[in-house]
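Visitor: Pasting a structure below so you can have a look.
Each value in this text was obtained by applying a stated rule to the coordinates, not by laboratory testing. On a predicted model such as this, the values are computed, not experimentally measured, just so you know. All Cβ positions, glycine included, derive from the backbone under ideal geometry; neighbour counts span all protein chains shown.
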Amino acid sequence: MIATICFVLAALGLLAMAAKYGLGPVPVDYHASIIAADGEITPGVRKVLLALYRVMGAAMGTAGLLTLVLALGPVRTGQTWAALAIFVAGALVAVTGAWVPYRVERDTGVRTPWRLAAVAGLLLAAGLVAALV
């Protein structure tokens, strides 16, 4: 049960980020702050960001939905392969989603959402441990 809860919470975080990038404004506030430090946001930059955001949002949404389905199905019934699959796929998203924005924040001083990705990574790790014990 603990594994399922951890994975569902991680999935909800992924779905929240998917909504932000898949449906939200372009650029997001912190990107606008970083870009504004170098000048204005041109229409071409806005179009590139729009494309990247929507693809990233779809990818995060897919990962979130798959995590949710696996957590509420095979993980809940004790199938370890599903917990391993969630962890491997989720760790790829969480590690890059935490590390890259962390470095951007460190370099620019603009607050980025790396903390949400780090929490999701911790939830994924906790879910895997709970599924294995």
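Visitor: If R₀ is 25 angstrom, what is the calculated FRET efficiency for the pair Gln79 and Ala19, using the beta carbon separation as r and rounding to 0.05?
Guide: Values: r = 29 Å, r/R0 = 1.15.
E(calc), rounded to 0.05, equals 0.30.
Visitor: Still on this structure: For the pair Leu92/Thr62, report the inter-label distance in nm, with labels modelled 7 Å from Cα in the Cβ direction.
Guide: Going from the Leu92 label point to the Thr62 one covers 1.0 nm.
Visitor: Could you calculate, for the stretch 2-132, the ratio of the Cα radius of gyration to the Kirkwood radius, expressed as Rg to Rh? Intermediate values should be presented prior to the final figure.
Guide: Working: Rg = 16.2 Å, Rh = 15.4 Å.
My calculation of the ratio gives 1.05.
Visitor: Around Thr112, under 11 Å between beta carbons, what's the net of Lys plus Arg minus Asp minus Glu among the other residues?
Guide: Neighbourhood net charge equals +1.
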